[in-house]
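Notes to accompany the following structure.
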Amino acid sequence: TVWTHHPLSSYALADRVYDNPFWVMNEARNTSGVGRTFGNVQVDYEPLSWLTVKYTLGADYSSDERIEGLPPMSAGDALTGQLWQGTYNYLELDHNLIATATKSWNPNFVTTLTAGQNLNSRDVTQVQAKGTTYISPDLFTLNNTVSSNLQPQNFESKTHIAGHFAQLQTDLW
């Protein structure tokens, strides 16, 4: 091959192997709208002088709506433009219930019985789609792509965990 100062029109569709980092910095569109909420509530209750009950309920929710777009003329398989668009959600709920009973038989002998329960639920959902070959080079939406060569990908996971426990403790002297 002979280097020429006048590239051929077929060079426009040739893969350049890598992109100029300054071009990518100014042309690629990677946006993300993230939200997160978390917190808990705790209630302590003493119905009798020898019995305490504690309840805690916590929640953690996050959501991410993101677009990863490479403009036309990018290197690799994004030569005609490529766009990934997705929504990712996560919700976790956690419940703890603990009851503690204490009996002092005399100053040198005390017993404590603790019983509890933990319930945990996790829900993860992800939906994403890929589009290629932009109609307009500056519009980064799936509606601006000619072909969706990959079907939308859906992922959902639900996990429910239940735990129960008890502990007997004796203090001597």
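The values are calculated or read from the model by the stated rules, or taken from the named source; none is laboratory data. On a predicted model such as this, the values are computed, not experimentally measured, just so you know. Cβ placement follows ideal geometry from the backbone for every residue including glycine, while neighbour counts extend to all protein chains displayed. Just the protein is used for accessible areas: all its heavy atoms, side chains included, with ligands, DNA and RNA removed. Shrake-Rupley method; radii C 1.70, N 1.55, O 1.52, S 1.80 Å.
Among the conditions (1) open to solvent by 70 Å² or more (accessible area, probe 1.4 Å); (2) under 30 Å from F22 (Cα atoms); (3) in contact (Cβ under 8 Å) with a residue 60 or more places away in the chain, the only one that N108 does not satisfy is (2). Looking at (1) loosely packed, with under 15 Cβ neighbours inside 10 Å; (2) under 28 Å from G39 (Cα atoms); (3) among the aliphatic types (A, V, I, L, M), can you tell me which one L119 breaks? Against the list (1) loosely packed, with under 15 Cβ neighbours inside 10 Å; (2) under 28 Å from G39 (Cα atoms); (3) among the aliphatic types (A, V, I, L, M), L119 comes up short only on (1). Here I98 meets each of (1) among the aliphatic types (A, V, I, L, M); (2) open to solvent by 80 Å² or more (accessible area, probe 1.4 Å); (3) modelled with pLDDT of 95 or more with one exception, condition (2).
Does the stretch 67-81 contain any residue that is farther than 30 Å from A166 by Cβ, in contact (Cβ under 8 Å) with a residue 40 or more places away in the chain and among the hydroxyl-bearing types (S, T, Y)? Checked the stretch 67-81: at least one residue is farther than 30 Å from A166 by Cβ, in contact (Cβ under 8 Å) with a residue 40 or more places away in the chain and among the hydroxyl-bearing types (S, T, Y).
Just the residues that are without any contact (Cβ under 8 Å) to a residue 40 or more places away in the chain and open to solvent by 70 Å² or more (accessible area, probe 1.4 Å), please, taken from the stretch 154-173. N154, F155, E156, K158, listed by residue number.
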